[in-house]
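Everything below concerns the one structure shown next.
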Amino acid sequence: MAYSDKLMDHYENPRNVGAFDKGDESVGTGMVGAPACGDVMKLQIKVNEEGVIEDAKFKTYGCGSAIASSSLVTEWVKGKSLDEALAIKNTEIAEELALPPVKIHCSILAEDAIKAAVADYKQKHAK
Amino acid sequence: MSELKHPIYLDYSATTPVDPRVAEVMIPYLTEQFGNPASRSHSYGWVAEEAVENARADVAQLVNCDPKEIVWTSGATESNNLALKGAAQFYKSKGKHLITQRTEHKAVLDTMRELERQGFEVTYLDVQENGLVSLVDFEAALRPDTILASIMMVNNEIGVIQPIAELGELCRARGVLFHVDAAQATGKVEIDLDKLKVDLMSFSAHKTYGPKGIGALYIRRKPRVRLEAQMHGGGHERGFRSGTLATHQIVGMGTAFRIAREEMAAENARIGALRDRLWAGLQSIEEVYLNGDMEQRVPHNLNVSFNFVEGESLIMAIKDLAVSSGSACTSASLEPSYVLRALGRNDELAHSSIRFSIGRFTTEQDIDFAVKLLQQKIGKLRELSPLWEMFQEGIDLNTIEWAAH
């Protein structure tokens, strides 16, 4: 399959690979997808006291597009507020990486991962 | 600047290069000896006809049958279509039940689906965990109205060798016709049609160092097997398959099969040693699983699942190797390999499989390069894998409720 240079760059040099402590109060963890479908994304955000995402990490089991999509969103969410992060649309991810049509689901999964990570963080802080 | 080089070819089960010795004998039949083998009135035709008959004898000799039992086709897919549709349609007054297995090539499975549309009933047998069909299951599936069974000799994905001799005995005892797709078997396993109770057998040239676009169907004469032709025209090939014979292709297939007969023993020993070297190297990696039986298997094939790594990303990571993935992310559908699923492999393992197929031009250096590359890239992809992380933490992935999407 022919992939764009941007996608290949994210695949070959993935940004922000790793993990934060799930138990940390400032960390929100989102895991989406299923092994049966061939992709699982784990996205973690670290949120400071002003409610800004100051760091993000990911691990992804999946095809090249899935790895690139999740690598890209770790870059995009950094410096954003939770609401700004939630506003990231899968179509923007797909466009940035020039995902082929059969790989659009990877960008949807990446958007879902952001939503799941934010939801986890909010749940930890719900009073 | 990176040096431009071809990836190492480890996909001989997809196709093989034409052996240079084969290509050489084909060329004169394109430019000089271009006659139509069906032309009876001049030497151009006679020369072409003689070449076709010599090639037929070479193909017959590899599988120990009478050359009169060999019919040329465009390849194994056409041979499978002609055998299954031709026999089912000819013998339909005797019964409407057919038997095959779930791990057949699509050329058999899709033909069976078409026959179901035509009113036949098909039993698709499950295979055992090692990829082999159970003789007990097979015998139990035979019914009084069964007219035809089709089981491949060597599986294209996992390389396992089905018990054709025993299956043939079961069929013959009940008067059921037995078709065998041997596209992946020629030059890899001994085939003796004098001994095997096989009625129809499909062959392909391009899996055995011959050209693409040519194949053959063996049609037994004693006891005689009849087929309804699927291609009508000039009555070539005794009416079984009309169409002007492609002399150069046929000469290529004949030569390729002659070389296979002469060199098979030595070649299998060499390739087996390379395969063992590859498997020994891969076993240095954790969580690596072999798919299919190791004993009942051609030496050319190694199908391996790398747990917690997804197949397509692995193929991308090892782009210096030309291999196939059982994960269909690489093809149009997003389903994992139906063959691996039929072995009972779970989704993760089915998604993480790679088929290595070794051949005539593979070297020890190729294998050593492949092992080194895989050791390195598997490590890198597992660093990226949340499943690997969970496995390292001792979490059983089967206990997780995944949100399917």
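Values for this structure:
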{"read-out": "Largest-first principal axis extents, alpha carbons of region B:336-405, Å", "value": "47, 29, 20"}
{"read-out": "Surface/4 of the Cα convex hull for region B:147-218, nm²", "value": "4.9"}
{"read-out": "Given charges at beta-carbon only (K, R positive; D, E negative), |dipole| of region B:217-353 in Debye", "value": "1220"}
{"read-out": "Spatial separation of Cα centroids for region A:73-116 and region B:62-109, in angstrom", "value": "50"}
{"read-out": "Ellipticity estimate at 222 nm from DSSP helix runs (n ≥ 4, -39,500 (n - 2.57)) divided over chain A, nearest 500", "value": "-13500 deg cm²/dmol"}
{"read-out": "Three-way shape label, region A:80-127, alpha-carbon gyration tensor, a/c 1.5", "value": "prolate"}
{"read-out": "Exposure proxy ranking, count of Cβ atoms within 10 Å, fewest first, for B:ASP66, B:ASP58", "value": "B:ASP66, B:ASP58"}
{"read-out": "Per residue, the convex hull volume that the Cα atoms of region B:57-130 enclose (Å³)", "value": "129"}
{"read-out": "Distance between region B:137-162 and region A:44-59 - C-alpha centres, whole angstrom", "value": "57"}
{"read-out": "Cβ-defined net charge surrounding B:GLY215, 15 Å radius [Lys, Arg +1; Asp, Glu -1]", "value": "-1"}
{"read-out": "Candidates per chymotrypsin sites (Phe, Trp or Tyr not before Pro) in region B:1-61, loop by DSSP, up to 16 other Cβ within 10 Å", "value": "B:PHE34"}
{"read-out": "Ellipsoid semi-axes in whole angstrom, largest first, where each is sqrt(5λ) of the Cα gyration tensor of the protein assembly as shown", "value": "51, 25, 21"}
{"read-out": "Relative exposure of B:SER385, B:SER325, judged by other C-beta atoms within 10 Å (fewest first)", "value": "B:SER325, B:SER385"}
{"read-out": "Charge dipole magnitude, Cβ of K and R +1, D and E -1 - the protein assembly as shown, Cα centre, debye nearest 20", "value": "1880"}
{"read-out": "Rule-of-thumb Rg ratio for region B:260-321 [Cα; 2.2 N^0.38 Å; N residues]", "value": "1.32"}
{"read-out": "Value of D in µm² per second that Stokes-Einstein yields for region B:1-114, Kirkwood Rh from Cα pairs, at 20 °C (1.002 mPa s)", "value": "118"}
{"read-out": "If the convex hull is drawn through the Cα atoms of region B:173-319, its volume per residue in Å³", "value": "185"}
{"read-out": "In region B:1-99, GluC sites (Glu not before Pro) in a DSSP loop with at most 16 other beta-carbon atoms within 10 Å", "value": "B:GLU3, B:GLU32"}
{"read-out": "Dimensionless Rg/Rh of chain A - Kirkwood Rh, Rg from C-alpha atoms", "value": "0.96"}
{"read-out": "Principal axes of chain B: Cα extent on each, largest first, Å", "value": "77, 57, 36"}
{"read-out": "log10 of Debye I(q)/I(0), alpha-carbon scatterers only, for region B:130-253 at 0.09, 0.19 Å⁻¹", "value": "-0.29, -1.15"}
{"read-out": "Extension gain from B:ARG143 to B:GLU169, taking 0.36 nm per residue of separation minus the Cα-Cα distance", "value": "7.8 nm"}
{"read-out": "Highest-fluctuation residue, B:PRO37, B:PRO67, B:PRO223 considered, GNM on chain B with Cα pairs under 10 Å", "value": "B:PRO223"}
{"read-out": "Top of B:GLN184, B:GLN249, B:GLN61 by mean-square fluctuation, Gaussian network on chain B, Cα under 10 Å", "value": "B:GLN61"}
{"read-out": "Positive minus negative residues near A:LEU99 (Lys, Arg vs Asp, Glu; Cβ under 12 Å)", "value": "-1"}
{"read-out": "Under 13 Å, Cβ to Cβ, from B:ASN64 - net charge with Lys/Arg +1 and Asp/Glu -1", "value": "-3"}
{"read-out": "Pair-distance profile P(r), taking every C-alpha pair of region A:31-96, with 10 angstrom steps and integer %", "value": "21, 51, 25, 3"}
{"read-out": "Chain A: relative contact order in percent, alpha carbon pairs under 8 Å with at least 6 residues between", "value": "31"}
{"read-out": "Restricting region B:233-316 to GluC sites (Glu not before Pro) in coil, as DSSP defines it, with at most 10 other Cβ within 10 Å", "value": "B:GLU295"}
{"read-out": "Cα-only Debye scattering, region B:83-184: base-10 log of I(q)/I(0) at q = 0.11, 0.16 Å⁻¹", "value": "-0.28, -0.61"}
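All of the numbers you see were taken from the coordinates with simple rules; none came from a lab. Predicted, not measured: the structure shown is a model, and the values here were computed from it. Glycine gets a Cβ as well: all are built from the backbone with ideal geometry, and neighbour counts include every protein chain shown.
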